[in-house]
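Trainee: Starting off with a structure, shown below.
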Amino acid sequence: MKASKHKRRLVAEINVVPYIDVMLVLLIVFMVTAPLLMQGVKVELPNAPSAPLGKNDRDPLIVSIKADGTFYLDLGNGRNMEEPLTSIIKKVKKVLRQEPKTSVLVWGDASVRYGSVVRLMSDLQNAGAPSVGLVTEPLRKN
């Protein structure tokens with residue numbers, strides 16, 4: 001008698017079932033722990049319509065707010081004159097008509113009310129600024 005020489009063919013497939021199981025377990029772990037990672041103090045945040053900020057390589061316009069609530073606009077000419085917010089918004093609109101991708105930066109004093117800064121940023125975005133950012137100073141190492 002002759003023995004049949006049927007060899008089994010090797011299967012070159014990866015069994016992904018264990019990987020799917022691990023992925024689902026990790027998903028559940030992250031869903032449970034994510035709310036626990038949120039830290040902070042509950043505060044009443046001001047409401048303001050705003051859009052996400054983009055990245056831009058052009059020189060930005062700089063709007064400054066002093067501690068007493070006065071506004072200043074630096075268009076790059078080195079002169080920072082105190083101006084009312086309505087005047088600053090008109091000038092920003094004019095600049096943005098010529099250079100629509102110009103970003104706007106807000107330099108706010110540390111003691112300025114948060115709501116004032118948010119309102120300013122919202123007004124600048126409504127004026128057509130594609131990107132409004134806050135300028136901060138880096139922490140100093142003692």
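Trainee: Among the residues of the stretch 91-124 satisfying the criterion of being more than 20 Å from Asn80 (Cβ to Cβ) and hydroxyl-bearing (Ser, Thr, Tyr), which is surrounded by the fewest Cβ atoms within 10 Å (Cβ to Cβ)?
Mentor: Tyr114
Trainee: Under the condition of being modelled with pLDDT under 90 and β-branched (Val, Ile, Thr), which residue from the stretch 62-87 is surrounded by the fewest Cβ atoms within 10 Å (Cβ to Cβ)?
Mentor: Taking the candidates together, the pick is Thr70.
Trainee: So, in the stretch 75-124, exactly how many residues are under 22 Å from the mean Cα position of the chain (by Cα) and among the hydroxyl-bearing types (Ser, Thr, Tyr)?
Mentor: Qualifying residue count for the region: 5.
The values are calculated or read from the model by the stated rules, or taken from the named source; none is laboratory data. None of these values were measured; they are calculated from a predicted model. Glycine also receives a Cβ, built like all others from the backbone with ideal geometry; neighbour counts cover every protein chain displayed.
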